[in-house]
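So the structure is just underneath, and the comments pick up after that.
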Amino acid sequence: MPGVVVVNTKPYDGQKPGTSGLRKKVKVFMQENYTENFIQSILDANKNALQGCTLVVGGDGRYLVKEVVDKIIKIAAANGATKLLVGQNGILSTPAVSCIIRKYKTLGGIVLTASHNPGGINNDFGIKFNCSNGGPAPDHTTNEIYKLTTTISQYRIVPDLVCAVDKIGVQTFNVEDRQFVVEVIDSVKDYVGYMKEIFDFGKIKTLLQGSEQRPPFKVLIDSMNGVTGPYVKTIFIDELGAPQSAVCRVTPLEDFGGAHPDPNLTYAADLVNTVKNGDYDFGAAFDGDGDRNMIIGRGAFFVTPSDSLAVLAASLAHIPYFQRAGVAGFARSMPTAAAVDRVAHAAGKEMFEVPTGWKYFGNLMDAGRLSLCGEESFGTGSDHIREKDGLWAALAWLSVLAATGKSVEQTLVDHWKQYGRNYFTRYDYEECPSDPCAEMMQALEKRITSPGFVGSALGRYVVAKADNFSYMDPVDQSVAMKQGLRIIFEDGSRIVMRLSGTGSSGATVRLYIDSYEAKDVLGSAQEMLKPLIDVALELAELPRYTGRDAPTVIT
Ligand code: VG1
Ligand code: CO
């Protein structure tokens, strides 16, 4: 019978979860006891609930996932956990973890991913705790976990417990007269089953294969060597009957093949070029852990995530899940353009604006007030789970296109004609030196909150409101402060600036620009927004502080 060993350890600085879990370089996680400390702290934060409960464990297949799954099994066994549900070979997409937590009513789950950050020994790893509602832990829980990491002195482990995670099935261990069960589960089955309940796969299949009325609708789905590969193969090839050529990069690789698994115009340029130059009606890409999505149409017509959210909000009636459950309110993160607000307004639905990070949507969904939400950072999702869901978004789009018979571009043009258009762009300055960026944000905050700033003119824009965004959750009244600097102009245009909370080194500055046009809806975002971008760069003195004259990524 394998025995529990108590290991003495010391706290590490900086184990504070960011926007979505603890993310650091792989080599940071490989330091002695670093990972063990954090896992023990997660379990300690749940100490009173572990016995008799189940935890879900899985990750996006990146470098270190397998080793850390093994550590979690051994540490959970030593801490009196009763059962773990582990994805085969440690593979579970982030949306699948959320789905499984909810389906089997578990205490929560541990998700091993650094999401859209690159993988491999020289890149990033991450650990995130999700609660029993399936969503990322709220701030008070991550703060509790963090607090425990600052005082940890011991962790418990069963070093000799040997558990094979490559075979599906139940394994039972005796640890100190208790039974400890690990059930290795099929990584895709529960999730795919759920998608078949949510959507009408028959209609999507007919769209893809063509009918007497319509030629086949050709799609290209790019998993970017991330975790969605097996899910995409099962859904698109086995279930929807698409040809092999409809999917690409569908084998999860530990280093994502050297790619940056972030579905945007820069890092998914291959998909964009293939769709642009090929005979495709639709392209979609997902990030490393499968919660983000990028949607493009014929000719690589790009759908901004803010518009994607608005279009889906206006089209939920085409999706069986919403036909059954009805549609409550909508929500977006603060930097996301307000296109969806117009749909909410027209439909008489509640509309919420929350800080960046999916954890802020959970309470609203649990309270039954939120059906569909999204972030400008390629996140779209609904209350079917408590994470954003890349594949769900692609299937939602295909459901809408199957019902309307329109192209992606026509769908957008019609939407803009009806609601007007929120032009949006985001500039990312990745891995800048930290101190000057912090100074820049401080200086900007001081400037925009000083007397006389509201009412002043910047170029042709007159400032109507300026602050550091804070949010009070309408369900539990918890408050999140300092969530991003925003300047709102009299015509409704906005400049938003914040520092990323998911980077693993240095500072990443995000600048978001959005501006509404009721009639002039067919312009280019970069051209339309140029005057406002210039105002923002000058106001923040961004080139001077960051030393960059151009962003790393433009969306
Ligand atoms: C970024 C995005 C945010 C998203 C978060 C996690 O955070 O801006 O909208 O929720 O990543 O996404 P930040 O703090 O770097 O701006 V994922 O797919 O990485 O879990
Ligand atoms: Co992600």
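The values are calculated or read from the model by the stated rules, or taken from the named source; none is laboratory data. Small disclaimer: the values here were computed from a predicted structure and weren't measured. Cβ atoms come from the backbone with ideal geometry, glycine included; neighbour counts cover every protein chain shown. SASA here: full protein model, heavy atoms, side chains in, ligands and nucleic acids out. Shrake-Rupley method; radii C 1.70, N 1.55, O 1.52, S 1.80 Å.
Some notes on this structure:
- Two-site FRET efficiency, F453 against R548, from Cβ-Cβ distance with R₀ of 22 Å, rounded to 0.05: 0.30
- Highest average first, the peptides 349-358, 310-319 ordered by how many other beta carbon atoms sit within 10 Å of their residues are 310-319, 349-358.
- Computing FRET efficiency as 1/(1 + (r/R0)^6) for E439 and A269, where r is the C-beta to C-beta distance and R0 is 25 Å, gives about 0.15.
- Among the protein heavy atoms, those of M481 account for about 120 Å² of accessible surface (1.4 Å probe, every chain in place).
- Across the stretch 211-223, coupling constants 3J(HN,Hα) worked out from phi with the 6.51/-1.76/1.60 Karplus curve, θ = phi - 60°, read 8, 4, 7, 8, x, x, 9, 8, 10, 9, 10, 10, 8 Hz, and Gly and Pro carry x.
- Amide H contacts under 5 Å for L458: V463, restricted to partners 5 or more places along the chain or on a different chain, H placed in the peptide plane at 1.01 Å from N.
- Gain on full stretching of the segment that runs from D186 to M30 - 0.36 nm per residue minus C-alpha separation: 53.4 nm
- Overall shape: rounded for the stretch 442-542, with the ratio a/c of the largest to smallest alpha carbon gyration tensor axis below 1.5.
- Reducing the stretch 300-327 and the stretch 425-441 to their Cα centroids gives an inter-centroid distance of 33 Å.
- Projected label distance in nm at K446 and Y104, using a 7 Å step from Cα toward the beta-carbon: 5.4 nm
- In summary, the lysines within cross-link reach of K203, defined as a Cα separation below 29 angstrom excluding same-chain residues under 8 places away, comprise K103, K189, K218, K233, K276, K349, K388, K406, K417.
- Extension gain from E144 to S524, taking 0.36 nm per residue of separation minus the Cα-Cα distance: 132.2 nm
- Hz values of 3J(HN,Hα) by residue in the stretch 367-372 - Karplus curve (6.51, -1.76, 1.60), Gly and Pro given as x: 7, x, 9, 9, 9, 9
- Residues with amide H under 5 Å from that of S115, placed H, sequence gap 5 or more: D289
- Alpha carbon centroid spacing (whole Å) that separates the stretch 446-489 from the stretch 15-68: 35 Å
- For the stretch 5-187, the orientation-averaged shadow of the C-alpha convex hull comes to 9.2 nm² (one quarter of the hull surface).
- Cβ-Cβ distance of K276 and E541, R₀ of 35 Å, FRET efficiency by 1/(1 + (r/R0)^6): the value works out to about 0.45.
- Spacing of the two label points (7 Å from each Cα toward its C-beta) at S505 and D467, in nm: 3.8 nm
- Anchor K74: aspartates and glutamates whose Cα lies under 12 Å away (excluding residues fewer than 8 positions away in-chain): E36, D160
- Additional length obtainable on full extension of the chain from K205 to K482, 0.36 nm per residue less Cα span: 95.1 nm
- Three semi-axes of the equivalent ellipsoid, the stretch 190-419, Cα gyration tensor, whole Å, largest first: 25, 20, 17
- 25 Å tail of the calculated P(r), the stretch 306-425, as % of Cα pairs: 13 percent
- For M334, the residues 5 or more places off, or on other chains, whose built amide H falls under 5 Å of its own are V354, T356.
- The accessible surface of the chain, taken with every protein chain in place and a 1.4 Å probe, is 49 percent carbon and sulfur.
- Per residue, in Å², the accessible surface of the chain once ligands and nucleic acids are set aside, probe 1.4 Å: 38 Å²
- Along the stretch 291-297 the Karplus relation, 6.51 cos²θ - 1.76 cosθ + 1.60 evaluated at θ = phi - 60°, assigns HN-Hα couplings of 9, 9, 9, 10, 10, 10, x Hz to successive residues, with x for each Gly and Pro.
- Cubic angstrom per residue, convex hull over Cα atoms of the chain: 142 Å³
- Shape category assigned to the stretch 184-313 from the gyration tensor of Cα positions, a/c cut at 1.5: rounded
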